[in-house]
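Colleague: A single structure is presented below for examination.
The values are calculated or read from the model by the stated rules, or taken from the named source; none is laboratory data. These numbers were taken from a predicted model, which means no experiment stands behind them. Cβ sites come from the backbone with ideal geometry, for glycine too, and all protein chains shown count toward neighbours. Just the protein is used for accessible areas: all its heavy atoms, side chains included, with ligands, DNA and RNA removed. Shrake-Rupley method; radii C 1.70, N 1.55, O 1.52, S 1.80 Å.
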Amino acid sequence: MQKIHSEIRVVDAEILAAVRQQSTSGTKAKQDLAAATHAVEELMYKVREIKTKAEQSETMVQEICRDIKKLDCAKKHITTTITALHRLTMLVSAIEQLQVMASKRRYKEAAAQVEAVNQLCSHFDAYRDIPKIIELRDKFKNIKQILKSHVFSDFSSLGTGKETEESNLLQQLSDACLVVDALEPSVREELVKNFCNRELISYQQIFEGAGWLLITIILVVIQTESKIHFVNLLTYCILSELAKLDKTERRYAWVKRRLRTNEEIWKTFPASWHVDYLLCIQFSKLTRFLIFSQIKGQL
């Protein structure tokens, strides 16, 4: 019985120790839970703080990027303005130099200068309405017109024998062709057409054979008995003989001789112009017209 009571006391002591231990463990668990809850709250606060700072940093970065874009755009505008001013200065200087070259008939240099001014003008296509650009374009247009008139004037002496008197005339006209190429295509067409027409004047005078002119000369000879008019009459009779339809081959002999004797003149023009070829075309058209006119007159 005593042994049982002893075991009961031991069990009660163990139970009491276990209860005390459990009580102590519960308190510590509550403390640990409270500490963990506090740590989580601190962590959440730090997360919110980091998020707020990240949003502020993002806003700051966006503002910096916006400012950088503005500065980059301003840099582009400044660069464009500086480039435009530089090109404008070059354009003004080039036009002034071209004006001097045109006045002195320095065709070779003027040809290169015209191309340079054309290239510079192309950069100002977007500024056509600006008064300064309008003024420069009009000045350039006038200079080109002066160059054209000088070139046409110089070419009017080609084929008149003046090229034999002035040794540098053919070279000057060859340089003038460079200017014509630098100008509008219509200038070259007009120049070649004028030259071919002038070459064919003598052909037309020789082979046209106008009857009314013969009558006029005869009447003048009868009235004035002038030897000069008599010579003109004889010359006309010879030319009228050449103008007959059965002498048509003489026409082609004339153009062959013309091409052969003026071989140096053809070298004045660039080969790409095909001046001799165009002369033959106009000669053929004029011959066709004259022969048809003669045929109609005989019907």
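Colleague: List the extent of the Cα atoms of the range 62-156 along each of their three principal axes, largest first, rounded to whole Å.
Modeller: Over the range 62-156, Cα extents along the principal axes are 73, 24, 15 Å.
Colleague: May I ask you to compute the full-extension gain from residue 30 to residue 138, defined as 0.36 nm times their residue separation minus their alpha-carbon distance, rounded to one decimal in nm?
Modeller: 29.2 nm
Colleague: May I ask you to work out the translational diffusion coefficient for the range 87-143 at 20 °C, viscosity 1.002 mPa s, via Stokes-Einstein with Rh from the Kirkwood sum over Cα pairs, reported in whole µm²/s?
Modeller: 189
Colleague: Along the Cα→Cβ direction, 7 angstrom out, place labels at residue 253 and residue 77. What is the inter-label distance in nm?
Modeller: Placing both labels 7 Å along Cα→Cβ, they lie 8.0 nm apart.
Colleague: Okay, moving on. Give me the net charge of residue 56's neighbourhood, meaning all other residues with Cβ under 12 Å from the Cβ of residue 56; Lys, Arg count +1, Asp, Glu -1.
Modeller: Within the 12 Å Cβ shell, the charges total -2.
Colleague: Here is a further query. Considering only Cα-Cα distances, which of the following residue pairs are longer than 25 Å: 104/139; 76/132; 193/296?
Modeller: Violating the 25 Å limit, Cα to Cα: 193/296.
Colleague: Does the range 20-108 classify as rounded, prolate or oblate by the C-alpha gyration tensor (a ≥ b ≥ c root eigenvalues; a/c under 1.5 gives rounded; else a/b over b/c gives prolate, otherwise oblate)?
Modeller: The shape class here is prolate.
Colleague: Using a/c under 1.5 as the rounded threshold, could you call the range 94-203 rounded, prolate or oblate? The axes a ≥ b ≥ c are square roots of the C-alpha gyration tensor eigenvalues, and prolate needs a/b larger than b/c, oblate otherwise.
Modeller: Prolate shape, in that a/c is at least 1.5 and a/b is the bigger ratio.
Colleague: Whenever you get a sec, line up 199, 55 from highest to lowest accessible area (probe 1.4 Å, protein heavy atoms).
Modeller: I get 55, 199, largest accessible area first.
Colleague: Enter the accessible area of residue 38 (Å², nearest 10), with the probe set to 1.4 Å and all protein chains included.
Modeller: Rounded to the nearest 10, the figure is 100 Å².
Colleague: Another question, if that's okay. Subtract the Cα-Cα distance of residue 92 and residue 68 from 0.36 nm times their separation in residues, and report this length gain in nm to one decimal.
Modeller: 5.1 nm
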